[in-house]
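For reference, the structure is listed below as C-alpha coordinates.
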Amino acid sequence: MVDRYVPSHGNPGYKVESYDLELDYRVNSNRLSGKATITAFATEPLTRFSLDLSGLRASKVAVNGRRPQRFTQRAGKLYVTAPIPDGAEFSVDIQYNGNPKPEDSPWGELGWDELTEGVIVASQPSGAATWFPCNDHPGDKAHYRISITTDSPYQVVANGRLVSRRVKASRTTWVFDQAAPMATYLATVQIGRYDEVDLAASPVSIRGVLPGGQIREFRHDFGRQQDMMKLFCRLFGPYPFGGYTVVVTDDPLEIPLEAQGISVFGSNHVDGRRGSERLVAHELAHQWFGNSLTPSNWQHIWLNEGFACYAEWLWSEESGGLTADQQVAKAHSRLKGLDQDLLLSDPGPELMFDDRLYKRGAITLHVLRKHLGDDAFFELLRTWTKTHRHGSVSTAQFIALATTFSPDEDALRQLFAAWLDAYELPSLPRRR
(Lines give C-alpha, C1' and ligand atoms only; values in the text may rest on other atoms or scores of the structure.)
Protein backbone atom coordinates (compact mmCIF):
# COMPACT_ATOMS: atom_id res chain seq x y z
CA MET A 1 0.00 0.00 0.00
CA VAL A 2 2.03 2.91 -1.37
CA ASP A 3 0.65 6.21 -2.70
CA ARG A 4 2.37 7.57 -5.81
CA TYR A 5 1.86 11.13 -4.52
CA VAL A 6 3.83 10.29 -1.33
CA PRO A 7 5.91 7.28 -2.42
CA SER A 8 8.24 7.40 0.60
CA HIS A 9 5.31 6.64 2.95
CA GLY A 10 2.96 3.70 3.19
CA ASN A 11 3.97 0.04 3.22
CA PRO A 12 2.89 -3.01 1.22
CA GLY A 13 1.85 -6.42 2.46
CA TYR A 14 -0.53 -5.70 5.33
CA LYS A 15 -3.39 -3.59 6.63
CA VAL A 16 -3.60 -2.22 10.16
CA GLU A 17 -6.57 -2.99 12.40
CA SER A 18 -5.59 -0.97 15.49
CA TYR A 19 -2.96 1.23 17.09
CA ASP A 20 -2.50 1.27 20.87
CA LEU A 21 -0.13 4.13 21.72
CA GLU A 22 1.36 4.82 25.17
CA LEU A 23 3.22 8.12 25.07
CA ASP A 24 5.22 9.94 27.72
CA TYR A 25 6.14 13.51 26.81
CA ARG A 26 8.34 16.03 28.65
CA VAL A 27 7.41 19.51 27.48
CA ASN A 28 10.52 21.38 28.65
CA SER A 29 12.98 18.97 27.03
CA ASN A 30 10.77 17.95 24.09
CA ARG A 31 11.42 14.31 24.93
CA LEU A 32 8.99 11.63 23.74
CA SER A 33 9.06 8.02 24.89
CA GLY A 34 6.53 5.70 23.36
CA LYS A 35 5.28 2.16 23.10
CA ALA A 36 3.13 1.26 20.12
CA THR A 37 1.17 -1.97 19.84
CA ILE A 38 0.00 -2.42 16.26
CA THR A 39 -2.44 -5.15 15.26
CA ALA A 40 -2.57 -5.91 11.54
CA PHE A 41 -3.30 -8.67 9.06
CA ALA A 42 -1.10 -9.75 6.18
CA THR A 43 -2.40 -9.34 2.64
CA GLU A 44 0.41 -11.52 1.27
CA PRO A 45 3.07 -13.86 2.69
CA LEU A 46 5.71 -11.79 4.49
CA THR A 47 9.30 -12.50 5.50
CA ARG A 48 9.94 -8.84 6.33
CA PHE A 49 7.70 -5.79 6.63
CA SER A 50 8.20 -2.08 7.16
CA LEU A 51 6.61 0.77 9.10
CA ASP A 52 7.04 4.51 8.76
CA LEU A 53 8.99 6.12 11.64
CA SER A 54 10.81 9.41 11.21
CA GLY A 55 13.29 11.09 13.58
CA LEU A 56 12.68 8.68 16.48
CA ARG A 57 14.66 5.56 17.34
CA ALA A 58 13.17 2.15 18.05
CA SER A 59 14.86 0.33 20.94
CA LYS A 60 12.86 -2.92 21.14
CA VAL A 61 10.56 -4.74 18.73
CA ALA A 62 8.45 -7.84 19.32
CA VAL A 63 6.18 -9.67 16.88
CA ASN A 64 3.35 -11.72 18.37
CA GLY A 65 5.00 -11.37 21.77
CA ARG A 66 8.33 -12.85 20.65
CA ARG A 67 11.46 -10.79 21.26
CA PRO A 68 14.13 -9.83 20.58
CA GLN A 69 13.12 -9.33 16.96
CA ARG A 70 15.54 -8.35 14.21
CA PHE A 71 14.94 -4.83 12.96
CA THR A 72 16.76 -2.00 11.21
CA GLN A 73 15.99 1.69 10.60
CA ARG A 74 16.91 3.86 7.65
CA ALA A 75 15.41 6.67 5.57
CA GLY A 76 12.25 7.03 7.67
CA LYS A 77 11.48 3.30 7.69
CA LEU A 78 11.54 0.66 10.42
CA TYR A 79 12.17 -2.78 8.84
CA VAL A 80 11.20 -5.85 10.87
CA THR A 81 12.21 -9.39 9.93
CA ALA A 82 9.50 -11.91 10.80
CA PRO A 83 7.63 -14.64 8.87
CA ILE A 84 3.90 -13.87 8.57
CA PRO A 85 1.57 -16.14 6.57
CA ASP A 86 -0.84 -14.64 4.05
CA GLY A 87 -4.10 -13.61 5.77
CA ALA A 88 -2.70 -14.01 9.29
CA GLU A 89 -3.38 -11.49 12.03
CA PHE A 90 -0.22 -10.36 13.84
CA SER A 91 0.81 -7.84 16.48
CA VAL A 92 3.92 -5.69 16.69
CA ASP A 93 5.17 -4.07 19.91
CA ILE A 94 7.63 -1.23 19.39
CA GLN A 95 9.38 0.81 22.07
CA TYR A 96 10.86 4.05 20.78
CA ASN A 97 12.04 7.48 21.93
CA GLY A 98 13.69 10.71 20.89
CA ASN A 99 13.13 14.41 20.38
CA PRO A 100 10.25 14.63 17.91
CA LYS A 101 10.33 17.29 15.22
CA PRO A 102 8.46 18.03 12.02
CA GLU A 103 9.49 16.29 8.83
CA ASP A 104 10.44 18.36 5.82
CA SER A 105 8.18 17.73 2.84
CA PRO A 106 7.18 19.38 -0.45
CA TRP A 107 4.23 20.85 1.49
CA GLY A 108 6.25 22.31 4.35
CA GLU A 109 7.09 20.91 7.77
CA LEU A 110 4.66 18.20 8.89
CA GLY A 111 3.99 16.28 12.10
CA TRP A 112 4.88 16.85 15.75
CA ASP A 113 5.92 20.45 16.39
CA GLU A 114 6.69 22.48 19.50
CA LEU A 115 4.65 25.56 20.32
CA THR A 116 5.75 28.32 22.68
CA GLU A 117 3.85 26.42 25.38
CA GLY A 118 3.07 22.88 24.30
CA VAL A 119 2.66 20.85 21.12
CA ILE A 120 0.75 20.89 17.86
CA VAL A 121 0.50 17.87 15.56
CA ALA A 122 -0.38 18.60 11.93
CA SER A 123 0.25 15.56 9.75
CA GLN A 124 -1.55 15.99 6.42
CA PRO A 125 -0.47 14.30 4.25
CA SER A 126 2.64 12.56 5.63
CA GLY A 127 3.59 13.68 9.14
CA ALA A 128 2.20 10.89 11.33
CA ALA A 129 5.50 8.99 11.40
CA THR A 130 7.12 11.83 13.38
CA TRP A 131 5.38 10.61 16.55
CA PHE A 132 4.39 6.97 16.12
CA PRO A 133 5.34 4.00 13.91
CA CYS A 134 2.61 3.47 11.35
CA ASN A 135 1.48 2.53 7.88
CA ASP A 136 1.20 6.14 6.76
CA HIS A 137 -1.29 5.83 3.92
CA PRO A 138 -4.71 7.57 3.78
CA GLY A 139 -6.49 4.39 2.71
CA ASP A 140 -5.38 2.33 5.73
CA LYS A 141 -7.86 3.30 8.47
CA ALA A 142 -7.75 1.76 11.94
CA HIS A 143 -9.02 1.99 15.52
CA TYR A 144 -6.86 4.04 17.95
CA ARG A 145 -6.26 4.10 21.67
CA ILE A 146 -3.94 6.96 22.64
CA SER A 147 -2.51 7.42 26.14
CA ILE A 148 -0.43 10.54 26.83
CA THR A 149 1.38 11.28 30.07
CA THR A 150 2.70 14.83 30.43
CA ASP A 151 3.19 17.65 32.93
CA SER A 152 0.03 18.39 34.91
CA PRO A 153 -0.39 22.10 34.10
CA TYR A 154 -1.02 21.14 30.48
CA GLN A 155 -4.32 20.20 28.86
CA VAL A 156 -4.18 17.35 26.33
CA VAL A 157 -6.52 16.82 23.39
CA ALA A 158 -6.44 13.74 21.17
CA ASN A 159 -8.88 11.93 18.91
CA GLY A 160 -11.95 10.21 20.25
CA ARG A 161 -13.54 9.92 23.67
CA LEU A 162 -11.59 10.77 26.81
CA VAL A 163 -11.96 7.54 28.78
CA SER A 164 -9.75 8.39 31.77
CA ARG A 165 -7.54 11.04 33.29
CA ARG A 166 -5.21 10.13 36.15
CA VAL A 167 -3.04 12.53 38.13
CA LYS A 168 0.09 11.17 39.80
CA ALA A 169 2.44 13.63 41.49
CA SER A 170 3.16 16.41 38.98
CA ARG A 171 2.09 14.44 35.90
CA THR A 172 -1.25 13.51 34.33
CA THR A 173 -2.12 10.59 32.07
CA TRP A 174 -4.87 11.17 29.53
CA VAL A 175 -6.40 8.20 27.69
CA PHE A 176 -8.48 8.58 24.53
CA ASP A 177 -10.33 5.99 22.47
CA GLN A 178 -11.18 6.56 18.81
CA ALA A 179 -13.49 3.70 17.83
CA ALA A 180 -14.33 5.02 14.37
CA PRO A 181 -11.72 3.98 11.78
CA MET A 182 -9.16 6.75 11.27
CA ALA A 183 -6.38 7.45 8.79
CA THR A 184 -2.92 8.10 10.18
CA TYR A 185 -2.78 11.71 8.95
CA LEU A 186 -5.92 12.49 10.98
CA ALA A 187 -4.48 11.21 14.27
CA THR A 188 -3.36 14.06 16.51
CA VAL A 189 -2.21 15.20 19.92
CA GLN A 190 -2.53 18.82 21.06
CA ILE A 191 -0.89 19.98 24.30
CA GLY A 192 -1.12 23.44 25.85
CA ARG A 193 -2.03 25.57 28.85
CA TYR A 194 -5.67 25.63 27.85
CA ASP A 195 -9.07 26.26 29.36
CA GLU A 196 -12.19 24.48 28.15
CA VAL A 197 -15.54 26.01 27.18
CA ASP A 198 -18.76 24.34 26.06
CA LEU A 199 -20.35 25.81 22.94
CA ALA A 200 -23.29 23.48 22.30
CA ALA A 201 -24.86 20.25 23.50
CA SER A 202 -27.08 19.54 20.50
CA PRO A 203 -27.37 18.35 17.83
CA VAL A 204 -23.72 17.50 18.63
CA SER A 205 -21.56 18.28 21.64
CA ILE A 206 -19.18 21.10 20.65
CA ARG A 207 -16.41 22.43 22.90
CA GLY A 208 -13.49 24.80 22.66
CA VAL A 209 -10.04 24.27 24.16
CA LEU A 210 -7.94 27.43 24.18
CA PRO A 211 -5.94 29.97 26.24
CA GLY A 212 -8.13 31.68 28.83
CA GLY A 213 -7.38 35.15 27.51
CA GLN A 214 -9.09 34.41 24.19
CA ILE A 215 -12.37 33.00 25.49
CA ARG A 216 -14.46 36.15 25.06
CA GLU A 217 -13.51 36.67 21.40
CA PHE A 218 -13.71 32.94 20.77
CA ARG A 219 -17.31 32.74 21.97
CA HIS A 220 -18.21 35.39 19.40
CA ASP A 221 -16.07 34.18 16.49
CA PHE A 222 -17.06 30.53 16.88
CA GLY A 223 -20.51 31.18 18.30
CA ARG A 224 -22.39 30.14 15.16
CA GLN A 225 -20.88 26.66 14.98
CA GLN A 226 -24.08 25.15 16.37
CA ASP A 227 -25.98 26.70 13.46
CA MET A 228 -23.34 25.41 11.03
CA MET A 229 -23.66 21.96 12.56
CA LYS A 230 -27.45 22.01 12.15
CA LEU A 231 -27.13 23.10 8.51
CA PHE A 232 -24.50 20.51 7.64
CA CYS A 233 -26.37 17.70 9.39
CA ARG A 234 -29.43 18.61 7.34
CA LEU A 235 -27.55 18.82 4.04
CA PHE A 236 -24.86 16.16 4.50
CA GLY A 237 -26.44 13.69 6.92
CA PRO A 238 -25.77 12.92 10.60
CA TYR A 239 -22.51 14.11 12.13
CA PRO A 240 -20.22 11.07 11.93
CA PHE A 241 -18.47 11.22 15.32
CA GLY A 242 -19.32 11.45 19.02
CA GLY A 243 -18.42 15.12 19.48
CA TYR A 244 -16.46 18.02 18.01
CA THR A 245 -13.56 19.90 19.59
CA VAL A 246 -12.02 23.17 18.42
CA VAL A 247 -8.49 23.87 19.67
CA VAL A 248 -7.03 27.38 19.47
CA THR A 249 -3.27 27.52 20.02
CA ASP A 250 -1.51 30.41 21.72
CA ASP A 251 0.63 30.74 18.59
CA PRO A 252 -0.50 32.01 15.17
CA LEU A 253 -0.98 29.44 12.39
CA GLU A 254 -0.87 30.06 8.66
CA ILE A 255 -3.90 27.85 8.08
CA PRO A 256 -6.26 25.88 10.34
CA LEU A 257 -5.88 22.12 10.51
CA GLU A 258 -8.40 19.31 10.67
CA ALA A 259 -8.08 16.03 12.51
CA GLN A 260 -10.74 13.42 13.18
CA GLY A 261 -13.30 15.01 15.51
CA ILE A 262 -11.00 18.02 16.02
CA SER A 263 -10.06 21.25 14.28
CA VAL A 264 -7.07 23.39 15.23
CA PHE A 265 -6.89 27.15 14.75
CA GLY A 266 -4.19 29.68 15.54
CA SER A 267 -4.52 32.71 17.79
CA ASN A 268 -4.67 34.82 14.62
CA HIS A 269 -7.97 33.20 13.67
CA VAL A 270 -9.65 34.72 16.74
CA ASP A 271 -10.17 38.42 16.15
CA GLY A 272 -13.56 39.19 17.71
CA ARG A 273 -14.99 40.03 14.26
CA ARG A 274 -15.64 36.54 12.81
CA GLY A 275 -12.90 37.26 10.31
CA SER A 276 -12.16 33.56 9.83
CA GLU A 277 -15.71 32.21 9.84
CA ARG A 278 -15.45 30.70 6.36
CA LEU A 279 -12.52 28.64 7.68
CA VAL A 280 -14.59 27.59 10.70
CA ALA A 281 -17.18 26.20 8.28
CA HIS A 282 -14.51 24.62 6.08
CA GLU A 283 -12.88 22.68 8.92
CA LEU A 284 -16.21 21.52 10.31
CA ALA A 285 -17.25 20.19 6.89
CA HIS A 286 -14.09 18.09 6.77
CA GLN A 287 -15.56 15.88 9.49
CA TRP A 288 -17.83 14.48 6.79
CA PHE A 289 -15.58 14.96 3.77
CA GLY A 290 -12.06 13.84 4.62
CA ASN A 291 -12.44 12.34 8.07
CA SER A 292 -15.44 10.04 7.82
CA LEU A 293 -15.07 9.67 4.05
CA THR A 294 -11.32 9.59 3.48
CA PRO A 295 -9.68 9.47 0.03
CA SER A 296 -8.39 6.00 -0.81
CA ASN A 297 -5.28 7.76 -2.09
CA TRP A 298 -4.17 11.37 -2.44
CA GLN A 299 -5.17 11.58 -6.11
CA HIS A 300 -8.75 12.02 -4.91
CA ILE A 301 -8.10 14.96 -2.59
CA TRP A 302 -10.72 17.09 -4.34
CA LEU A 303 -13.27 14.90 -2.52
CA ASN A 304 -11.93 16.53 0.67
CA GLU A 305 -11.17 20.07 -0.33
CA GLY A 306 -13.73 20.75 -3.04
CA PHE A 307 -16.53 19.57 -0.75
CA ALA A 308 -15.27 21.56 2.25
CA CYS A 309 -14.89 24.68 0.10
CA TYR A 310 -18.43 24.26 -1.19
CA ALA A 311 -19.62 23.97 2.43
CA GLU A 312 -18.14 27.45 3.01
CA TRP A 313 -20.40 28.79 0.26
CA LEU A 314 -23.44 26.96 1.58
CA TRP A 315 -22.85 28.52 5.00
CA SER A 316 -22.32 31.96 3.42
CA GLU A 317 -25.72 31.69 1.75
CA GLU A 318 -27.40 30.40 4.92
CA SER A 319 -25.94 33.14 7.11
CA GLY A 320 -26.84 36.08 4.88
CA GLY A 321 -23.58 36.47 2.93
CA LEU A 322 -23.01 35.89 -0.75
CA THR A 323 -25.20 33.21 -2.27
CA ALA A 324 -23.66 30.03 -3.65
CA ASP A 325 -24.37 31.35 -7.17
CA GLN A 326 -22.49 34.56 -6.39
CA GLN A 327 -19.58 32.67 -4.82
CA VAL A 328 -19.33 30.43 -7.89
CA ALA A 329 -19.38 33.37 -10.31
CA LYS A 330 -16.69 35.15 -8.29
CA ALA A 331 -14.43 32.09 -8.06
CA HIS A 332 -14.92 31.15 -11.71
CA SER A 333 -14.00 34.65 -12.85
CA ARG A 334 -10.78 34.46 -10.85
CA LEU A 335 -9.88 30.97 -12.07
CA LYS A 336 -10.28 32.04 -15.72
CA GLY A 337 -7.33 34.39 -15.29
CA LEU A 338 -5.00 31.74 -13.82
CA ASP A 339 -2.92 28.99 -15.40
CA GLN A 340 -4.95 26.15 -16.91
CA ASP A 341 -2.63 23.33 -15.83
CA LEU A 342 -4.71 21.68 -13.08
CA LEU A 343 -6.39 18.31 -13.57
CA LEU A 344 -8.92 18.01 -10.77
CA SER A 345 -9.16 14.21 -10.94
CA ASP A 346 -5.36 13.82 -10.77
CA PRO A 347 -3.65 17.08 -9.75
CA GLY A 348 -0.28 15.55 -8.86
CA PRO A 349 1.60 16.12 -5.60
CA GLU A 350 2.73 19.62 -6.60
CA LEU A 351 -0.84 20.92 -6.95
CA MET A 352 -2.78 18.78 -4.48
CA PHE A 353 -3.12 21.72 -2.06
CA ASP A 354 -3.39 24.44 -4.70
CA ASP A 355 -6.24 26.87 -4.03
CA ARG A 356 -7.46 26.32 -7.60
CA LEU A 357 -8.25 22.70 -6.69
CA TYR A 358 -10.41 23.85 -3.79
CA LYS A 359 -12.32 26.38 -5.86
CA ARG A 360 -12.70 24.29 -9.02
CA GLY A 361 -13.83 21.33 -6.91
CA ALA A 362 -16.48 23.49 -5.26
CA ILE A 363 -17.63 24.90 -8.60
CA THR A 364 -17.91 21.36 -9.96
CA LEU A 365 -20.28 20.48 -7.14
CA HIS A 366 -22.38 23.56 -7.83
CA VAL A 367 -22.61 22.69 -11.53
CA LEU A 368 -23.64 19.18 -10.52
CA ARG A 369 -26.26 20.67 -8.20
CA LYS A 370 -27.70 22.70 -11.07
CA HIS A 371 -27.76 19.61 -13.26
CA LEU A 372 -29.54 17.42 -10.70
CA GLY A 373 -31.67 20.01 -8.88
CA ASP A 374 -31.47 20.73 -5.15
CA ASP A 375 -33.52 17.78 -3.91
CA ALA A 376 -31.56 15.16 -5.84
CA PHE A 377 -28.18 16.84 -5.22
CA PHE A 378 -28.45 16.95 -1.45
CA GLU A 379 -29.97 13.48 -1.37
CA LEU A 380 -26.89 12.39 -3.31
CA LEU A 381 -24.60 13.95 -0.68
CA ARG A 382 -26.51 12.31 2.17
CA THR A 383 -26.42 8.95 0.40
CA TRP A 384 -22.69 9.41 -0.28
CA THR A 385 -21.88 10.05 3.39
CA LYS A 386 -24.15 7.23 4.59
CA THR A 387 -22.97 4.61 2.11
CA HIS A 388 -19.26 5.24 2.77
CA ARG A 389 -19.40 6.29 6.43
CA HIS A 390 -15.97 5.74 8.03
CA GLY A 391 -14.66 4.33 4.75
CA SER A 392 -12.25 5.10 1.91
CA VAL A 393 -13.55 6.69 -1.28
CA SER A 394 -12.55 7.50 -4.84
CA THR A 395 -13.72 9.81 -7.60
CA ALA A 396 -15.00 6.85 -9.62
CA GLN A 397 -17.25 5.84 -6.71
CA PHE A 398 -18.71 9.33 -6.47
CA ILE A 399 -19.40 9.45 -10.21
CA ALA A 400 -21.00 6.02 -10.12
CA LEU A 401 -23.33 7.07 -7.31
CA ALA A 402 -24.16 10.40 -8.97
CA THR A 403 -25.28 8.63 -12.15
CA THR A 404 -28.06 6.93 -10.17
CA PHE A 405 -29.51 10.37 -9.38
CA SER A 406 -29.39 11.75 -12.92
CA PRO A 407 -32.10 11.31 -15.58
CA ASP A 408 -29.42 11.77 -18.26
CA GLU A 409 -26.35 9.64 -17.56
CA ASP A 410 -24.55 10.69 -20.75
CA ALA A 411 -24.90 14.37 -19.91
CA LEU A 412 -23.70 13.74 -16.38
CA ARG A 413 -20.61 11.87 -17.52
CA GLN A 414 -19.84 14.70 -19.96
CA LEU A 415 -20.15 17.14 -17.05
CA PHE A 416 -17.64 15.20 -14.97
CA ALA A 417 -15.28 14.72 -17.92
CA ALA A 418 -15.19 18.47 -18.54
CA TRP A 419 -14.75 19.54 -14.92
CA LEU A 420 -12.61 16.71 -13.57
CA ASP A 421 -10.63 15.29 -16.49
CA ALA A 422 -9.77 18.34 -18.62
CA TYR A 423 -7.25 21.07 -17.91
CA GLU A 424 -9.21 23.90 -19.52
CA LEU A 425 -11.73 25.52 -17.17
CA PRO A 426 -15.22 24.98 -18.65
CA SER A 427 -17.67 27.84 -18.94
CA LEU A 428 -20.43 27.95 -16.39
CA PRO A 429 -23.71 26.53 -17.72
CA ARG A 430 -26.28 29.10 -18.70
CA ARG A 431 -29.00 29.74 -16.18
CA ARG A 432 -32.25 28.06 -17.05
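The values are calculated or read from the model by the stated rules, or taken from the named source; none is laboratory data. Everything quoted here is computed from the prediction, not taken from an experiment. Here the Cβ positions follow ideal geometry from the backbone for every residue, glycine too, while neighbour counts run over all protein chains shown.
Determine, yes or no, whether L186 is in contact (Cβ under 8 Å) with a residue 60 or more places away in the chain and under 23 Å from E103 (Cβ atoms). Give the derivation first.
Numbers: in contact (Cβ under 8 Å) with a residue 60 or more places away in the chain: yes; under 23 Å from E103 (Cβ atoms): yes.
When the stated conditions are applied, L186 passes them.
Has segment 205-223 got any residue that is surrounded by fewer than 20 Cβ atoms within 10 Å (Cβ to Cβ), β-branched (V, I, T) and at pLDDT below 95?
Checked against the condition, which is being surrounded by fewer than 20 Cβ atoms within 10 Å (Cβ to Cβ), β-branched (V, I, T) and at pLDDT below 95, segment 205-223 yields no hits at all.
Quick one: is D136 out of contact with any Cys (no Cβ under 9 Å at 6 or more places or on another chain) and over 23 Å from G261 (Cα atoms)? Break it down into steps so the answer makes sense when it comes.
Values: out of contact with any Cys (no Cβ under 9 Å at 6 or more places or on another chain): yes; over 23 Å from G261 (Cα atoms): no.
No; evaluated as a whole, the condition is false for this residue.
Report yes if some residue within segment 342-362 is over 14 Å from the mean Cα position of the chain (by Cα) and without any contact (Cβ under 8 Å) to a residue 12 or more places away in the chain; otherwise report no. Talk me through it step by step, then tell me what you get.
Within segment 342-362, the subset over 14 Å from the mean Cα position of the chain (by Cα) is 342-352, 354-362.
Filter again for without any contact (Cβ under 8 Å) to a residue 12 or more places away in the chain, leaving 351, 355.
Checking segment 342-362: at least one residue is over 14 Å from the mean Cα position of the chain (by Cα) and without any contact (Cβ under 8 Å) to a residue 12 or more places away in the chain.
What number of residues within segment 381-398 are in a helix (DSSP H, G or I) and crowded, with 18+ Cβ neighbours inside 10 Å?
Start the filter on segment 381-398 by keeping residues that are in a helix (DSSP H, G or I), which leaves 381-387, 395-398.
Now restrict to residues that are crowded, with 18+ Cβ neighbours inside 10 Å: 381, 384-385, 395, 397-398.
Of the residues in that region, 6 qualify.
Of the conditions (1) of a type in the set (G, A, S); (2) touching a residue at least 12 places away in the same chain (Cβ under 8 Å); (3) touching a Ser or Thr at 6+ places or on another chain (Cβ under 8 Å), S164 clears all except one; give me its number.
So S164 meets the others, but not (2).
From the set of residues in segment 248-300 that are part of a loop (DSSP other than H, G, I, E, B) and aliphatic (A, V, I, L, M), which is nearest to G10 (Cα to Cα)?
So in segment 248-300, the residues part of a loop (DSSP other than H, G, I, E, B) come out as 249-256, 260-261, 266, 270-276, 286-288, 290-292, 296-297.
Those still in the list that are aliphatic (A, V, I, L, M) too: 253, 255, 270.
Values: L253: 28, I255: 26, V270: 36 Å.
The qualifying residue nearest to G10 (Cα to Cα) is I255.
Taking segment 39-80, which residues are farther than 21 Å from T130 by Cα and either touching a Leu at 6+ places or on another chain (Cβ under 7 Å) or in a strand (DSSP E or B) (or both)? Show your work before the answer.
Pass one, segment 39-80, residues farther than 21 Å from T130 by Cα: 41-48, 63-70.
Those that are farther than 21 Å from T130 by Cα and either touching a Leu at 6+ places or on another chain (Cβ under 7 Å) or in a strand (DSSP E or B) (or both): F41, A42, L46, T47, R48, V63, R66.
Looking at segment 222-236 only, could you name the residues that are free of Cβ contacts under 8 Å to residues at least 40 places away in the same chain, in a helix (DSSP H, G or I) and either not assigned by TED's automatic domain parsing to the domain that holds V270 or not basic (K, R) (or both)?
Q226, C233
Are any of the residues in segment 86-98 farther than 20 Å from E17 by Cα and touching a Pro at 6+ places or on another chain (Cβ under 9 Å)? Give the steps one after another, and end with the answer.
Let us first name the residues in segment 86-98 that are farther than 20 Å from E17 by Cα, namely 96-98.
Those still in the list that are touching a Pro at 6+ places or on another chain (Cβ under 9 Å) too: 96.
Checking segment 86-98: at least one residue is farther than 20 Å from E17 by Cα and touching a Pro at 6+ places or on another chain (Cβ under 9 Å).
Say we look at segment 3-19 and pick out the residues that are assigned to a loop (DSSP other than H, G, I, E, B) and of a type outside the set (S, T, Y); which of these is surrounded by the fewest Cβ atoms within 10 Å (Cβ to Cβ)?
Taking segment 3-19 and keeping what is assigned to a loop (DSSP other than H, G, I, E, B), we get 4-5, 7-13.
Now narrow it down to the ones that are of a type outside the set (S, T, Y): 4, 7, 9-13.
Details: R4: 12, P7: 9, H9: 27, G10: 22, N11: 22, P12: 13, G13: 18.
It comes out as P7.
State which residue pairs qualify: first residue more than 10 Å from I191 (Cα to Cα) and in the same structural domain as L53 (by TED's automatic domain parsing) and inside segment 113-130, second residue in a loop (DSSP other than H, G, I, E, B) and among the basic types (K, R) in any location, beta carbons under 7 Å apart, and separation of 6 or more residues or different chains.
Filtered contacts from segment 113-130: T130/K101.
Scan segment 317-329 for residues that are surrounded by 13 or more Cβ atoms within 10 Å (Cβ to Cβ) and without any contact (Cβ under 8 Å) to a residue 60 or more places away in the chain and jot them down. It would help to see each step written out before you state the result.
Kept after step one, since they are surrounded by 13 or more Cβ atoms within 10 Å (Cβ to Cβ), are these residues of segment 317-329: 317-319, 321-329.
Within segment 317-329, E317, G321, L322, T323, A324, D325, Q326, Q327 qualify.
Which one of these is of a type outside the set (F, W, Y) and assigned to a strand (DSSP E or B): P100, P83, P106, P138? Lay out the reasoning, then the answer.
Numbers: P100 fails: assigned to a strand (DSSP E or B); P106 fails: assigned to a strand (DSSP E or B); P138 fails: assigned to a strand (DSSP E or B).
Checking each option against the conditions leaves just P83.
Taking the residues in segment 20-60 that are among the acidic types (D, E) and surrounded by 14 or more Cβ atoms within 10 Å (Cβ to Cβ) as candidates, determine which candidate is farthest from V157 (Cα to Cα).
Keep residues of segment 20-60 that are among the acidic types (D, E), which gives 20, 22, 24, 44, 52.
Subset that is surrounded by 14 or more Cβ atoms within 10 Å (Cβ to Cβ): 20, 22, 24, 52.
Working: D20: 16, E22: 14, D24: 14, D52: 23 Å.
The residue in question is D52.
Mind counting the residues in segment 76-133 that are closer than 28 Å to D250 by Cβ and among the aromatic types (F, W, Y)?
Our first condition is that a residue be closer than 28 Å to D250 by Cβ; within segment 76-133, this holds for 97-105, 107-132.
So of that shortlist, the ones also among the aromatic types (F, W, Y) come out as 107, 112, 131-132.
Of the residues in segment 76-133, 4 are closer than 28 Å to D250 by Cβ and among the aromatic types (F, W, Y).
Can you confirm whether segment 204-221 contains a residue that is assigned to a loop (DSSP other than H, G, I, E, B), under 25 Å from G391 (Cβ atoms), assigned by TED's automatic domain parsing to the domain that holds R273 and touching a residue at least 24 places away in the same chain (Cβ under 8 Å)?
yes
Just the residues that are part of a loop (DSSP other than H, G, I, E, B), of a type in the set (D, E) and either more than 21 Å from Q260 (Cα to Cα) or over 17 Å from the mean Cα position of the chain (by Cα) (or both), please, taken from segment 109-133. Show your work before the answer.
From segment 109-133, those part of a loop (DSSP other than H, G, I, E, B) are 109, 116-117, 123-127, 131-133; that's our starting set.
Okay, now just the ones that are also of a type in the set (D, E), so 109, 117.
Listed by number, the list holds a single entry, E117.
Here is a list: L365, L303, L335, L314. Which entry is in contact (Cβ under 8 Å) with a residue 12 or more places away in the chain, in contact with a strand residue (DSSP E or B) (Cβ under 6 Å, 6 or more places away or on another chain) and under 24 Å from L425 (Cα atoms)?
Going through L365, L303, L335, L314 in turn, just one is in contact (Cβ under 8 Å) with a residue 12 or more places away in the chain, in contact with a strand residue (DSSP E or B) (Cβ under 6 Å, 6 or more places away or on another chain) and under 24 Å from L425 (Cα atoms): L303.
Return yes or no: is F378 buried (at least 17 other Cβ atoms within 10 Å of the Cβ), farther than 25 Å from P125 by Cβ and either among the aliphatic types (A, V, I, L, M) or in the same structural domain as W313 (by TED's automatic domain parsing) (or both)?
Values: buried (at least 17 other Cβ atoms within 10 Å of the Cβ): yes; farther than 25 Å from P125 by Cβ: yes; either among the aliphatic types (A, V, I, L, M) or in the same structural domain as W313 (by TED's automatic domain parsing) (or both): yes.
So F378 fits the description; yes.
Filter segment 184-201 down to residues that are of a type outside the set (V, I, T) and part of a helix (DSSP H, G or I) and give me whichever is surrounded by the most Cβ atoms within 10 Å (Cβ to Cβ). Explain how you work it out, then say what you get.
Going through segment 184-201, the residues of a type outside the set (V, I, T) turn out to be 185-187, 190, 192-196, 198-201.
Add one more test, that the residue is part of a helix (DSSP H, G or I), and what stays is 185-186.
Working: Y185: 27, L186: 23.
That would be Y185.
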